[in-house]
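The values are calculated or read from the model by the stated rules, or taken from the named source; none is laboratory data. It should be emphasised that the depicted structure is a prediction, and the values quoted were computed from it without experimental measurement. In this analysis, Cβ positions are derived from the backbone assuming ideal geometry, glycine residues included, and neighbour counts consider all displayed protein chains.
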Amino acid sequence: MKILKFSLALLLASTLLACGYTEGVRSSEQSSFVYFTGNAQGVSATVGGGEPFVVNKLGERNVYKVASGKQRVVVRKAGVIVVDRIVLLGDGQSKEFNISQ
């Protein structure tokens, strides 16, 4: 009888403790980065049809956060399109755009 009570108590305790357990990996939103080099000061860039932004930081250490995946990158300088590319950006990946004009 003691063994039956102990077994039922152990079963009840393990069932109650296991109710709050969740399994899986949680990750933050997927994002990638773009950065600009060359003569890119003051250009307007649009990534993936989002809002255009003005590039005021250059180099690999000055990155702009964008969504991962297949993105169309359009860079305009003085109203003229100087870059119009479709790129595939992996999660956490950085991509350089060199503006030579």
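At a glance:
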quantity	calculated
Filtered residues of region 70-93 (kept if in contact with a Pro (Cβ under 9 Å, 6 or more places away or on another chain) and either assigned to a loop (DSSP other than H, G, I, E, B) or on the phi > 0 side of the Ramachandran plot (or both))	none
Subset of region 26-67 (residues that are part of a loop (DSSP other than H, G, I, E, B) and surrounded by 17 or more Cβ atoms within 10 Å (Cβ to Cβ))	Ala40, Val43, Val55
Single match in Arg72, Arg76 (criterion: within 19 Å of Ser31 (Cβ to Cβ) and at pLDDT 90 or above)	Arg72
